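The values are calculated or read from the model by the stated rules, or taken from the named source; none is laboratory data. Note that the coordinates shown come from a computational prediction; the quantities given were computed from them, not determined experimentally. Note that each Cβ is placed from the backbone with ideal geometry, even for glycine, and that neighbours are counted across all protein chains shown.
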Amino acid sequence: MTQSVTTDPIQQAASDWFARLQGDAGLEDWTAFQAWLEADPAHAAAYDAVEAMWVELEDLPAEQITAPAPAETVVAFAPRPKPSAKPPARRWVWIGLATAAAAAAVVVAILPQLTRPTFTDYSTKRGETREVALADGSRLTLGGATTLRVRLTRAERDVTLVDGEASFDVAHLENRPFVVAAGDREVRVLGTEFNILSHDDRLAITVRRGLVQVSGGPDGAVRLAKGQQLIHTRGSATSLVRATDPDAAFAWKTGKLVYRETPLAEVVADLNRYVATPLRVDPSAASVKVTGVLVVDEEAAMIRRLELFAPVVGQHSGGEILLKARPTQL
């Protein structure tokens with residue numbers, strides 16, 4: 001005897017929500033989804049089952065994922081046994097198998113509509129600043145020549161800062177952490193405001209509000225509070241945590257770059273995200289440090305200000321600007 005499986009309305013709704021949230025879901029979608037979850041504990045259980053099934057299917061080769069079979073062939077059961085004096089455990093096993101089969105049928109049925117949860121990429125060009133409002137209520141600001149990737153799921157909010165600088169004003173959502181991967185470190189928060197600069201081997205994390213947890217080092221997680229900054233060189237086993245003025249780290253959002261005894265090489269790395277002509281430090285100026293506020297402006301004006309703040313001169317050479325140590329006056 002072959003028994004067909006009838007799709008449970010809650011399972012179908014869970015599958016529909018799963019498919020909907022893999023696309024360009026907006027704030028209204030997430031708000032409606034949250035309301036649906038809270039309406040009945042069975043909703044969350046059904047959604048978790050669909051999500052778990054999808055995770056298992058992610059590892060299957062595409063050729064093994066086929067279109068759903070007709071309902072009458074989804075699952076075949078042996079003839080139902082006659083009632084007996086045995087304990088009723090078999091009945092619960094039967095129900096469990098039928099439920100699992102129905103859930104599987106629902107997931108397979110929506111497979112053609114789904115793609116794996118993917119990241120959305122955001123980027124800026126040199127000298128460009130961009131604000132991004134996420135569906136969860138968080139706001140990101142990207143500095144020049146910055147690339148990051150965002151993925152929002154029900155369980156977690158994931159961001160990868162590929163390169164550049166970005167500030168994060170994170171909406172507080174309990175049980176749905178906001179995680180930023182930058183270099184070989186990971187920043188985890190629930191709701192706060194912080195800034196991350198990640199370029200080449202250099203990483204700086206500054207907190208202006210709330211708490212963040214930075215992991216990835218051999219000594220375990222490090223917590224940063226308001227007014228603290230973590231400085232790290234990629235590949236290094238240790239990091240430096242120090243007190244700082246957080247507003248200085250966020251000043252780039254208002255068109256200013258603030259430096260205090262900062263190596264010229266780090267300043268140049270920042271400026272190269274804002275100027276059209278690449279800057280390079282001549283070996284003669286390798287030990288120069290910069291203190292001052294550089295206004296993000298027209299390229300020539302920025303170079304002139306840098307020459308005022310530091311003992312360097314800029315020379316155009318082969319399509320780039322070479323910063324050399326200023327000759328000593330005798």
Requiring at least 1 residues that are within 28 Å of the chain's Cα centre (by Cα) and aromatic (Phe, Trp, Tyr), the strands (runs of 3 or more DSSP E) wholly within segment 226-293 are 256-263
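For the subset of segment 294-308 comprising residues that are among the aliphatic types (A, V, I, L, M) and in a helix (DSSP H, G or I), which member is farthest from residue 242 (Cα to Cα)?
Applying the first criterion (among the aliphatic types (A, V, I, L, M)) to segment 294-308 yields 294-296, 300-303, 306, 308.
After this cut, where a residue has to be in a helix (DSSP H, G or I) as well, the list is 300-303, 306, 308.
Working: 300: 34, 301: 32, 302: 29, 303: 30, 306: 26, 308: 28 Å.
Per the stated criteria, the residue is 300.
Residues are listed down the side, and each one gets a yes or a no for (1) outside the structural domain of residue 169 (by TED's automatic domain parsing); (2) at pLDDT 95 or above; (3) among the aliphatic types (A, V, I, L, M):
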site: 236; (1), (2), (3): no, no, no
site: 239; (1), (2), (3): no, no, no
site: 279; (1), (2), (3): yes, yes, yes
site: 285; (1), (2), (3): yes, no, yes
site: 292; (1), (2), (3): yes, no, no
site: 307; (1), (2), (3): yes, no, no
site: 311; (1), (2), (3): yes, no, no
Counted residues in segment 285-330 being without any contact (Cβ under 8 Å) to a residue 40 or more places away in the chain and at positive phi come to 2
- Query: Can you spot a residue in segment 160-182 that is touching a residue at least 60 places away in the same chain (Cβ under 8 Å) and farther than 22 Å from residue 223 by Cα?
  - Reply: yes
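Take the residues in segment 118-130 that are assigned to a strand (DSSP E or B) and among the charged types (D, E, K, R); name whichever of them is farthest from residue 249 (Cα to Cα).
Restricting attention to segment 118-130, the residues satisfying the condition of being assigned to a strand (DSSP E or B) are 120-123, 130.
Subset that is among the charged types (D, E, K, R): 121, 130.
Numbers: 121: 24, 130: 17 Å.
Once the filter is applied, the top-ranked residue is 121.
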